[in-house]
Ligand code: OAD
């Protein structure tokens, strides 16, 4: 007897009968495209396909600390379009808040810097912003803090803000993790949350960037992993217990909410 391949219904049953109570989630740019921030790698719509006019050696250089240290202008040329400003969380963010409200969210790893998880109501102690967040900024060189109002002005004008300390002259950088920089020290420690998971949900990420891309591999054998994404990502789908839901994250979480009988609660939470 070969065991039945899990489907959405079997995942829903697992949650409903209390077999999945420690859900670990990994998210990426695809959960925020619905809020109006383009992702990085989707062909034509993603940021990396639009950077040719900036003359970068390769698209990811725009977020590389070595490149930024001598040429910060390209980053500030696109900063306004990616700045969270007054964006509204998507229904996917609200679904994460609902998981937390139901005490089912064991931990959330987000690669996003927009802070929309917290805006949606996910408690901060349940989230690790693996790539930092865009809520503060420092001089990349001397690490001096730079005021929020001046930063907003610079971003609005598309100009590079420079350090206010005498004779420093370093460019100011938001406190987000650039390529070539370390992840928050908590990342190492928090990987244990994945080992404790009894369900993993991966949403809106191409899983092209390490070390986050490796988190789904840490899930114990036999524990289901769900992918909600426009396309295949990483090794999701390769294990017998994986479930892939292709399409948008917002559609995917609504389907799950329908099957769980949570739809009304989800929409109400999102509207609030
Ligand atoms: P990517 O742009 O690499 O991947 C986004 C994924 O989400 C792709 O697989 C898309 O097909 C999918 N997608 C887009 N919109 C979607 C939607 N509405 N519903 C479902 N799927 C959707 O973004 P990340 O994986 O987050 O790091 O990228 C990881 C890191 O690379 C980023 O944190 C950033 C970037 O360079 C740094 O800059 C350090």
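Take residue 161 and decide whether it is touching a helix residue (DSSP H, G or I) at 6+ places or on another chain (Cβ under 6 Å) and either free of Cβ contacts under 8 Å to residues at least 12 places away in the same chain or farther than 30 Å from residue 208 by Cα (or both). Taking the combined requirement at face value, the residue satisfies it. Summed over the range 83-94, residues that are touching a residue at least 40 places away in the same chain (Cβ under 8 Å) and either within 14 Å of residue 15 (Cα to Cα) or not in a helix (DSSP H, G or I) (or both) total 6. Scanning the range 46-72 for residues that are closer than 18 Å to residue 139 by Cβ and in contact with a helix residue (DSSP H, G or I) (Cβ under 9 Å, 6 or more places away or on another chain) gives 63, 67, 68, 71.
Residues in the range 83-104 that are within 15 Å of the ligand (Cβ to nearest atom) and crowded, with 20+ Cβ neighbours inside 10 Å: 89, 90, 91, 92, 93, 94, 95, 96.
Output the residue which, of all residues in the range 252-272 that are exposed (fewer than 14 other Cβ atoms within 10 Å of the Cβ) and either within 16 Å of the ligand (Cβ to nearest atom) or assigned to a loop (DSSP other than H, G, I, E, B) (or both), is modelled with the highest pLDDT. The selected residue is 261.
So which of 197, 210 ends up being more than 8 Å from the ligand (Cβ to nearest atom) and either under 17 Å from residue 95 (Cβ atoms) or in contact with a helix residue (DSSP H, G or I) (Cβ under 9 Å, 6 or more places away or on another chain) (or both)?
Answer to the check: 197.
The values are calculated or read from the model by the stated rules, or taken from the named source; none is laboratory data. Keep in mind it's a predicted model, so treat the numbers as computed, not measured. Every residue, glycine among them, receives a Cβ derived from its backbone with ideal geometry; neighbour counts consider all protein chains shown.
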